[in-house]
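Take this structure first; my questions come after.
The values are calculated or read from the model by the stated rules, or taken from the named source; none is laboratory data. If you're wondering where the values come from, they're calculated on a predicted model, not measured in any experiment. Areas reflect the complete protein model, heavy atoms only, side chains present, ligands, DNA and RNA absent. Shrake-Rupley method; radii C 1.70, N 1.55, O 1.52, S 1.80 Å.
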Amino acid sequence: MKLRKLFGAAAVSAMALAMAIVPASADGGKVGVCIYKFDDAFMTTYRNALEEMLTEKGYEVSVVDGKNDQAEQNNQINNFITQGVDALIINPVMTSAADQIIDLVKTAGIPTVLINREPTAEQMAVYDKLVYVGCDASQSGTMQGELILDTENKGDINGDGKVSYIMIQGDPENIDAQLRTEYSVKALTDAGVEVEELDLQRGDWDRAKGQEIAQNDLTKFGDEIEVVFSNNDDMAIGALQAIQAAGRTVNEDIYLVGVDALDAALNEVKAGNMTGTVLNDAVGQASGAVEAMEELLGGKTYAEGEQSIYVDYVKVTPENIDEFMN
Ligand code: BGC
């Protein structure tokens, strides 16, 4: 990329031939992609989309697994900087580590796109070659609440005048988990519906933990549970296993909503085993991240307060499910 800018593509190809070396990539530059951990269902879809788009555009891409360890990810960022990457796309392990990450990339002067875990506007403001591409998590929470409001009894299956729910939360350090938890319930209370929280547990975005939490709560609260809110689909699929094992039937005696629109969840919504989900548009965010990266490479800088680019969430119900299935 840098060579291309200085000499133009034709000249660089001629130089490469003359020097009998193969340039890093035919068209693009080197891009380092840091994912918080590979073992995450949603981020797997996201990283595959990202890698495919960048490769198709001719970039030399290296995608690394942070293994949910911020120290490991800091090393990976440092390695990419040493290797002289032209741009970085980073899904931070911990949002609270944003300052360290931004400091590293700023010192090295690498244009950087942060994805999936949003820092604050103040944190990003220190570096103008930095942008966040993601979604506004409060929107997905509101949509989950609306999915419940759209049911025939607005979630009050037993007709006692209140909606009794359990909340299966993602990693509470993460803004997506915080806002989905808050706004799903807020949608109900804003609509004048009384709510009762039976339990709130962290499931860290993980299917097995979702299953375990739902299983324990179903044993403890039984028929009292009318709604299971899950901050993501993977935990909702786990909860569904527990719901079915407990002999309960979704959309008849219990409601279940997730976020992401993973293929597995779309199948369950279609089959009536999940009340609904919310599309967390991995492909849209990946293409937004690539576009923002190319703008940064083209010299664009971002002013404070304009460093977050959002892709919309979309409600997914049995009515519109076919639009989302492959
Ligand atoms: C997704 C989760 C995912 C998390 C990772 C969220 O936006 O909904 O499925 O585990 O991002 O940070």
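Need the list of lysines near Lys315 for cross-linking: C-alpha distance under 30 angstrom, and skip anything on the same chain fewer than eight residues off.
The qualifying lysines are Lys37, Lys154, Lys162, Lys186, Lys209, Lys270.
If you average the alpha carbon positions of region 284-307 and of region 35-114, how far apart do those two centres end up, in angstrom?
For region 284-307 versus region 35-114, the Cα centre distance is 15 Å.
Also: Mind checking the per residue accessible area of region 26-126 for me, 1.4 Å probe, whole number of Å²? Please report the intermediate quantities before stating the final value.
Numbers: 4020 Å² over 101 residues.
Accessible area per residue, region 26-126: 40 Å².
Given a 1.4 angstrom probe, I'd like the percentage of the accessible area of region 215-326 that is carbon and sulfur, rounded to a whole number.
Values: 2010 of 4630 Å².
After summing per-atom areas, the C and S share lands at 43 percent.
While we're on this one: Rolling a 1.4 Å sphere over the protein heavy atoms, what is the accessible area per residue of region 137-279, to the nearest Å²?
Values: 5410 Å² over 143 residues.
With all protein chains present, region 137-279 gives 38 Å² per residue.
What is region 53-115 by shape, rounded, prolate or oblate, if you read a ≥ b ≥ c off the alpha carbon gyration tensor as root eigenvalues and call it rounded for a/c under 1.5, prolate for a/b larger than b/c, and oblate otherwise? Working shown, then result.
Details: a/c = 1.75, a/b = 1.40, b/c = 1.25.
It comes out prolate by the Cα gyration axes.
If you line up the Cα atoms of the chain on their principal axes, what length do they span on each, largest first, in Å?
If we take the Cα atoms of the chain, the spans are 78, 38, 31 Å.
Rounded to the nearest 500, what is the chain's calculated 222 nm mean residue ellipticity when only DSSP H runs of at least 4 contribute -39500 (n - 2.57) each, over all residues? Before the final figure, lay out the partial values.
Values: 12 runs with 142 residues, N = 326.
So the helix-based figure for the chain works out to -13500 deg cm²/dmol.
Which percent of the accessible area of region 119-195 is formed by carbon and sulfur heavy atoms (probe 1.4 angstrom)? Show your work: numbers first, answer last.
Values: 1320 of 2860 Å².
Answer for region 119-195 is 46 percent, counting heavy atoms of protein chains only.
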